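Report on one structure; see the data block that follows.
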Amino acid sequence: MGFLQPVNDLLVGYLGPLGPIILVGVLGLVIVAVTVSMMLAQPEDPLNKLKKNAKSGTTTEAQKERLRQGGRNEQLERFSKFLEPEDVAELSKLQLTMRQAGYQSKDSVRMFHAAQMVLAILGIILGLCYTTFVISPDVELTTQQNIMYILGPGGVGYFLPKYWINKRVAERKEEITRGFPDSLDMMLVCVEAGQSMDQSINRVAGELRGSCAALADEYEIVSYEMKAGKDKSAVLQDMGERCGVQDVSSFVTVLVQSATFGTSVSEALRVYAGEMRDKRVMRAEEAANKLPTKMTLATMMLTVPPLLVILVGPSVHGITQLGNIGGP
């Protein structure tokens, strides 16, 4: 193994003490990239193509729809074992989280894990570049510092998609909560004008697009599922689960009970819309009552120091002047 010593010395001379590790890491990334590119370029099995053609039917519209949506799905399907959890419960929970964030695609879970993997690798590469080319060669880094500088950006890149999804879920729930009372008022007007529940939901989805796009998307999904023949109670319960908002879940319960017991839908909507308006006013009052408490710390930090300077400053200046007069 003595012939490897000159290579090791050359790497240490050019890249520093971590030269061999950097070379091994780069070679590993190159091998992974080549393997992924070969898997993507692999032609589709003719038997699988025949099976898909048989399942999709012979109509032109079905073939067009398959061609529109099949490209991206086919590429991610090859990595489904690596980009999807094997546990069914965990997969269902992650799919629900992606829907609550507004990503309704079937590939959203795969895209999420792919983004985690890509950003983690990019973070590790950036950490290696930083420790190799930015930090001066004269600076000796400890093992803990090397791990922090190299693996730290990779960890940040890995958890960044999760942070983004959680933020999107919170923002979307807040948007749905704000726009839900207005949608109930519009739905009540449509129902009292003689439209059916399906027509009312479709009309509200179109009118609500400009002010609350998230809730409009949910109403559109409900309208499409009802048109497809799905059970109305199941459609509404799925909507409440997708939104993840307590007000929407209670609204779904009211509609299901109204349909079960045969009561008037317009009366149920009128009562619940009134409750939602009162609840919106209560939330506004709660936010207004919290405002003075939140402003107390900022007021003290911005007001008390200048006030002390104005009140105590002249006295301190006078005392220093008397000390200078009484001195030698």
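Kindly indicate whether S183 is at negative phi and buried (at least 19 other Cβ atoms within 10 Å of the Cβ).
So S183 passes the test.
Please verify whether M148 is of a type outside the set (F, W, Y) and more than 28 Å from T97 (Cβ to Cβ), treating the condition exactly as stated.
Judged against the criteria, M148 is a match.
If you scan segment 92-116, which residues turn out to be open to solvent by 30 Å² or more (accessible area, probe 1.4 Å), assigned to a helix (DSSP H, G or I) and free of Cβ contacts under 8 Å to residues at least 24 places away in the same chain?
Correct list: S92, K93, L94, Q95.
Does V304 meet the test of being open to solvent by less than 90 Å² (accessible area, probe 1.4 Å) and in contact (Cβ under 8 Å) with a residue 40 or more places away in the chain? Before you say what the answer is, go through the steps one by one.
Numbers: open to solvent by less than 90 Å² (accessible area, probe 1.4 Å): yes; in contact (Cβ under 8 Å) with a residue 40 or more places away in the chain: no.
Against the criterion (open to solvent by less than 90 Å² (accessible area, probe 1.4 Å) and in contact (Cβ under 8 Å) with a residue 40 or more places away in the chain), V304 does not qualify.
Of the residues that sit in segment 243-271 and are open to solvent by 20 Å² or more (accessible area, probe 1.4 Å) and touching a residue at least 60 places away in the same chain (Cβ under 8 Å), which one is farthest from Q195 (Cα to Cα)?
Among residues in segment 243-271 that are open to solvent by 20 Å² or more (accessible area, probe 1.4 Å) and touching a residue at least 60 places away in the same chain (Cβ under 8 Å), the one farthest from Q195 (Cα to Cα) is G244.
Tell me the residue from S200, S196 that is in contact with a helix residue (DSSP H, G or I) (Cβ under 8 Å, 6 or more places away or on another chain) and under 30 Å from S233 (Cβ atoms), please. Don't jump to the end; show me each part of the working.
Numbers: S196 fails: in contact with a helix residue (DSSP H, G or I) (Cβ under 8 Å, 6 or more places away or on another chain).
Just one listed residue meets the conditions, S200.
Please count how many residues of segment 217-238 are over 19 Å from the mean Cα position of the chain (by Cα) and open to solvent by less than 30 Å² (accessible area, probe 1.4 Å).
Selection size over segment 217-238: 6.
Looking at segment 130-158, which of its residues are more than 29 Å from the chain's Cα centre (by Cα) and not hydroxyl-bearing (S, T, Y)?
F133, V134, I135, P137, D138, V139, E140, L141, Q144, Q145, N146
Hey, can you tell me all the residues within segment 123-139 that are open to solvent by 90 Å² or more (accessible area, probe 1.4 Å) and either part of a helix (DSSP H, G or I) or touching a residue at least 60 places away in the same chain (Cβ under 8 Å) (or both)?
First pass over segment 123-139, keeping only residues open to solvent by 90 Å² or more (accessible area, probe 1.4 Å): 126, 130, 133-134, 137-138.
Residues satisfying the conditions are L126, Y130, F133, V134, P137.
I'd like to check which helices (runs of 4 or more DSSP H) are fully inside segment 213-328 and have at least 1 residues that are at pLDDT below 85.
246-261, 265-326
Taking T142 as the residue in question, decide whether it is free of Cβ contacts under 8 Å to residues at least 12 places away in the same chain and either hydroxyl-bearing (S, T, Y) or surrounded by 15 or more Cβ atoms within 10 Å (Cβ to Cβ) (or both). Write out each step before concluding.
On the way: free of Cβ contacts under 8 Å to residues at least 12 places away in the same chain: yes; either hydroxyl-bearing (S, T, Y) or surrounded by 15 or more Cβ atoms within 10 Å (Cβ to Cβ) (or both): yes.
Spelling it out, T142 is indeed free of Cβ contacts under 8 Å to residues at least 12 places away in the same chain and either hydroxyl-bearing (S, T, Y) or surrounded by 15 or more Cβ atoms within 10 Å (Cβ to Cβ) (or both).
The values are calculated or read from the model by the stated rules, or taken from the named source; none is laboratory data. All of these numbers come straight from a predicted model, not from anything done at the bench. FYI the Cβ positions are ideal-geometry reconstructions off the backbone, even for glycines, and counts take in every protein chain you see. Ligands, DNA and RNA are stripped out before the accessible areas are found, and what is left, the full protein with its side chains, is counted by its heavy atoms. Shrake-Rupley method; radii C 1.70, N 1.55, O 1.52, S 1.80 Å.
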